[in-house]
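A.B. asks: Input: one structure, supplied below.
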Amino acid sequence: MTYCVAIKLNAGLVLLSDTRTNAGLDNISRYSKMHCWEAPGERVITLLTAGNLSITQGVVTRLEKQIEKSHTDPSIETIMNAESMFRVAQIVGENMRMMQERHREGMEAQGTRFDATVIVAGQRKGGNVRLFLVYTAGNFIEATDDTPFFQIGEHKYGKPILDRVITSQTSLEKASLAACVSMDSTLRSNLSVGMPLDMAVIETGALAFAKRRRIEAEDSDFNALSTAWSKALNSAFYDLPDLQ
């Protein structure tokens, strides 16, 4: 399984994903679920993926091939030359549908799950920072001020902190902390989510990554945050008034 979270703010985007895939207790591997493209000053795009790995890898591979072919044939539409981030989400959805149609019959015959979801985040020159969630069928929704974050994978453990602290006015720094606390809560409660983590931060209008970071299991900053959050929760619990 996996856990990915993407937060859309007035100040930009915060994205965080784990790297564990689980095909059984004795078949655990590491794959990056974060895929980044950048043309500084023109556009910056990140995809976060969850679900059937063969489907999501196929989608990303198709997107990469389209970009490669466009270098010699500019008429080919890709996520790197699409007219808007909305169109980028459509292209991702179209490739999702193609992968589903190609493999659905065989996967159903084998009893294999083919569910997959993709978060699409980024900004192009002249456009706004935007965040979309693409479903298995290729349709999608967009984040709004009322729903400023998306989660995919094992999302239930890390949702409460986001519900309580994230708004569109939250700073990138505080949103990064919230994303890490959300991930830490998930890591503690679900063995199918695991280190290392991938983090990316995009500032509104910069059209480039402000931060891209791999967080390993021994990362001192993340471990200090985890310890501090545990102590704060424990202290808050014992400060609660007794029920009458």
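A.B. asks: Counting only residues that are surrounded by fewer than 19 Cβ atoms within 10 Å (Cβ to Cβ), assigned to a strand (DSSP E or B) and in contact (Cβ under 8 Å) with a residue 24 or more places away in the chain, how many does segment 139-177 have?
C.D. replies: Number satisfying all stated conditions: 1.
A.B. asks: For segment 155-176, check the following and say yes or no: at least one residue is under 17 Å from residue 52 (Cα atoms) and out of contact with any Lys or Arg (no Cβ under 6 Å at 6 or more places or on another chain).
C.D. replies: Checked against the condition, which is being under 17 Å from residue 52 (Cα atoms) and out of contact with any Lys or Arg (no Cβ under 6 Å at 6 or more places or on another chain), segment 155-176 yields at least one hit.
A.B. asks: Next question, about the same structure. Determine whether residue 87 is assigned to a helix (DSSP H, G or I), of a type in the set (Lys, Arg) and modelled with pLDDT of 95 or more.
C.D. replies: In short, yes.
A.B. asks: Give me a count of the residues in segment 92-138 that are at pLDDT 95 or above, within 17 Å of the chain's Cα centre (by Cα) and not in a strand (DSSP E or B).
C.D. replies: Total satisfying the criteria: 6.
A.B. asks: Report, by residue number, each residue of segment 178-189 that is surrounded by 20 or more Cβ atoms within 10 Å (Cβ to Cβ) and either farther than 18 Å from residue 7 by Cα or aliphatic (A, V, I, L, M) (or both).
C.D. replies: 178, 179, 181, 183, 187, listed by residue number.
A.B. asks: So, one more: Considering only residues that are among the acidic types (Asp, Glu), assigned to a loop (DSSP other than H, G, I, E, B) and surrounded by fewer than 16 Cβ atoms within 10 Å (Cβ to Cβ), which ones fall in segment 190-242?
C.D. replies: Of everything in segment 190-242, those that are among the acidic types (Asp, Glu), assigned to a loop (DSSP other than H, G, I, E, B) and surrounded by fewer than 16 Cβ atoms within 10 Å (Cβ to Cβ) turn out to be 216, 218, 239, 242.
A.B. asks: Further, regarding this structure: Pairs please, first residue from segment 219-244 and closer than 22 Å to residue 176 by Cα, second anywhere and surrounded by 10 or more Cβ atoms within 10 Å (Cβ to Cβ) and at pLDDT 95 or above, Cβ atoms under 6 Å, 6+ apart in sequence or on different chains.
C.D. replies: 222/215; 225/180; 226/184; 229/181
A.B. asks: Scanning for something modelled with pLDDT under 95 and more than 18 Å from residue 153 (Cα to Cα), does segment 18-26 turn up at least one residue?
C.D. replies: Yes: segment 18-26 contains one or more residues that are modelled with pLDDT under 95 and more than 18 Å from residue 153 (Cα to Cα).
A.B. asks: Just to check your reading of the model, which residue among 38, 64 is among the charged types (D, E, K, R), modelled with pLDDT of 95 or more and assigned to a strand (DSSP E or B)?
C.D. replies: Of 38, 64, the one residue that is among the charged types (D, E, K, R), modelled with pLDDT of 95 or more and assigned to a strand (DSSP E or B) is 38.
The values are calculated or read from the model by the stated rules, or taken from the named source; none is laboratory data. Since we're looking at a predicted model, the values are computed, not measured. Virtual Cβ from ideal backbone geometry, glycine too; neighbours counted across all protein chains shown.
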